[in-house]
Amino acid sequence: MAPSTERSRNIVFVHPDLGIGGAERLVIDAAVGLQSRGHKVTIVTSHCDPTHCFEEARDGTLDVRVRGNAFLPASIAGLFSILLAILRQIALVFSTAIFSSELKTLDPDVFFVDQLSACVPLLRLLFPKAKVLFYGHFPDRLLAQQGSGLIKHVKALYRIPFDAFESWSTGCADDIVVNSKFTRSVFKQTFAGMRTRDLKVIYPCVDTSTQISYDAATQLWSGKALLLSINRFERKKNLDLAIRAYAGLSSEERAKSKLVVAGGFDHRVLENAQTMDQLERLARELKLKHDTYRGSDTKLEKDENEVIFLLSIPNDLKRRLLHQASILIYTPQNEHFGIVPLEAMLAGVPVVATNSGGPLETIYDGRTGWLRSPDKAEQWTDVMRKPLIPSSANSLKSMGEKGRERVLAEFSHTRMTDSLDHEIQKLCGSTAARPKIRPDWMWALVLCAVVAVVGGVGMVYFIVYVARSANESAAMVGHDEV
């Protein structure tokens, strides 16, 4: 698809938390790509930590503006995450469109909204001339953890208004694109209003423009086969599968290899810490020698443990690990798309992934990698054993080369930018009737339910604040008496 020759547009990206993850990588790549085509691009977000974000978000490449983050937390004692995410996004829009003229000055032609759709109707009401494109990574209701027993039923009731609101607000977007055919099928199954809409698939990409080579002198743990896993430290990433599969190797095989479990770790997210604790406990139970490092640590090169956990690694170390890896182990089940397998394939590394979700669209079983059942750890152990067999070297190299060719042909930055640019130009030129945004009586009930929940959260927040203030006062009194 040739680059667009039509006029440039003012594009405003609205993203909840510009941290480190697949959704954030896509937003950054999309923004940089569209900016390179002459569009004026601005990103507004509720949170962006300079120490925990991609380089383009902090080095001036992109115009990133953090707004509406002063009062509302991301959660309260680990609870009310979706409610607060919605309120934070609304606060983001209010702070840039109502309490200031920031968005009016940017004069947007298109809003690019992803992850959370709560602001879509509001943006359409405030900026009726601007079109809204929603990029769907996955329905939020399916990402929420269900729990068990009584908690499961309480959560189900709690989620009712938010699930209904998600369905309605997503449907208010002028155009909806998704990250994979798998996600498209899930959207159509989950949201009744999507079944008659044309949801185009625009795959995420990897940067194929520059390639960095690393010589033997820069390799870590030289002489050992590096079995690499890269994912955020979350339960849904199923990282324990990699550890169980590695434990299936004999002690002699483990002596010739090293399992590195690396990925994003946000200290603000309780689940990250809990997942890390569970993985370390599992390694102890399986009697695997292990250690944990944060970022790029000079002690890594001398580490003799079998399993290494790396938290929030910098990009350069990530690239070094990918170029040194013998195999990438990708364990999430029903992953929406999965960008890390593409990064590995670009580096010529074969990938073993679960036989579900996005990897079915990116990995050719037996040609660029392997697709295995997440319920059969022994199958993953067999794949991990391949780099330890000298006779497999040529077949692994050939598999890596085919994987790289596939990424260059189908998942380049240019290809994704072309598709997005074409979609945006088509959207701006469209004269088709726009989706209705007026809520009916059902949505009035939904809004009442949301208000009720907001009131409850506010009450909890107030009680916690008063109790904390009382404890601090008591502590001060006690200190004065001493």
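The values are calculated or read from the model by the stated rules, or taken from the named source; none is laboratory data. Note that the structure is predicted; figures quoted are calculated from it, not measured. Every residue, glycine as well, gets a Cβ built from its backbone with ideal geometry; the counts of neighbours run over all protein chains shown.
How many residues does the stretch 30-42 hold that are crowded, with 16+ Cβ neighbours inside 10 Å and over 17 Å from the mean Cα position of the chain (by Cα)?
9
Tyr330 fails exactly one of the following numbered conditions: (1) surrounded by 24 or more Cβ atoms within 10 Å (Cβ to Cβ); (2) within 16 Å of the chain's Cα centre (by Cα); (3) aromatic (Phe, Trp, Tyr); (4) farther than 20 Å from Gly400 by Cα. What is the number of that condition?
Among (1) surrounded by 24 or more Cβ atoms within 10 Å (Cβ to Cβ); (2) within 16 Å of the chain's Cα centre (by Cα); (3) aromatic (Phe, Trp, Tyr); (4) farther than 20 Å from Gly400 by Cα, Tyr330 violates only (4).
Conditions tested, residue by residue: (1) assigned to a helix (DSSP H, G or I); (2) under 28 Å from Ala433 (Cα atoms).
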residue	(1), (2)
Ser46	no, no
Asn69	no, no
Arg88	yes, no
Val93	yes, yes
Ser100	no, no
Ser117	no, yes
Arg124	yes, yes
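Condition check: at pLDDT below 85, out of contact with any helix residue (DSSP H, G or I) (no Cβ under 9 Å at 6 or more places or on another chain) and either crowded, with 18+ Cβ neighbours inside 10 Å or not hydrophobic (A, V, I, L, M, F, W, C) (or both). Does Asp291 satisfy that? Walk me through how you get there before you give the answer.
Working: at pLDDT below 85: no; out of contact with any helix residue (DSSP H, G or I) (no Cβ under 9 Å at 6 or more places or on another chain): yes; either crowded, with 18+ Cβ neighbours inside 10 Å or not hydrophobic (A, V, I, L, M, F, W, C) (or both): yes.
For Asp291, the condition - at pLDDT below 85, out of contact with any helix residue (DSSP H, G or I) (no Cβ under 9 Å at 6 or more places or on another chain) and either crowded, with 18+ Cβ neighbours inside 10 Å or not hydrophobic (A, V, I, L, M, F, W, C) (or both) - is not met.
Would you mind stating whether Thr42 is within 28 Å of Glu6 (Cα to Cα) and hydroxyl-bearing (Ser, Thr, Tyr)?
Values: within 28 Å of Glu6 (Cα to Cα): yes; hydroxyl-bearing (Ser, Thr, Tyr): yes.
Yes: the conditions hold for Thr42.
Give the stretch 250-268 a look and list any residue that's within 20 Å of the chain's Cα centre (by Cα) and free of Cβ contacts under 8 Å to residues at least 24 places away in the same chain, or say none.
Correct list: His267 only.
Exactly one of (1) under 18 Å from the mean Cα position of the chain (by Cα); (2) in a loop (DSSP other than H, G, I, E, B) is unmet by Asp59. Its number?
Checking Asp59 against (1) under 18 Å from the mean Cα position of the chain (by Cα); (2) in a loop (DSSP other than H, G, I, E, B), the one that fails is (1).
Where in the stretch 271-342 are there strands (runs of 3 or more DSSP E), lying fully within it, with 2 or more residues that are in contact with a strand residue (DSSP E or B) (Cβ under 7 Å, 6 or more places away or on another chain), basic (Lys, Arg) and under 24 Å from Glu378 (Cα atoms)? Give the steps one after another, and end with the answer.
On the way: elements: 290-294, 307-311, 327-330.
Ranges flagged: none.
Among the numbered criteria (1) part of a helix (DSSP H, G or I); (2) within 18 Å of the chain's Cα centre (by Cα); (3) under 23 Å from Pro314 (Cβ atoms), which one does Ala242 miss?
Every listed condition holds for Ala242 apart from (2).
Could you list, in sequence order, all residues of the stretch 376-410 that are over 27 Å from the mean Cα position of the chain (by Cα), among the hydrophobic types (A, V, I, L, M, F, W, C) and over 16 Å from Val351 (Cα atoms)?
Ile389
With respect to Val307, determine if the residue is under 26 Å from Phe138 (Cβ atoms) and crowded, with 17+ Cβ neighbours inside 10 Å. Quick ask: steps written out before the conclusion?
Working: under 26 Å from Phe138 (Cβ atoms): no; crowded, with 17+ Cβ neighbours inside 10 Å: yes.
Criteria not met by Val307.
State all residues of the stretch 76-106 that are touching a residue at least 24 places away in the same chain (Cβ under 8 Å) and more than 16 Å from Leu122 (Cα to Cα); if no residue qualifies, say none. Don't jump to the end; show me each part of the working.
So in the stretch 76-106, the residues touching a residue at least 24 places away in the same chain (Cβ under 8 Å) come out as 76-78, 80, 82-98, 102-103, 106.
Within the stretch 76-106, Ile76, Ala77, Gly78, Phe80, Ile82, Leu83, Leu84, Leu106 meet the criteria.
Only residues that are free of Cβ contacts under 8 Å to residues at least 24 places away in the same chain and within 22 Å of the chain's Cα centre (by Cα): list them for the stretch 275-292, please.
Listed by number, the list holds a single entry, Asp277.
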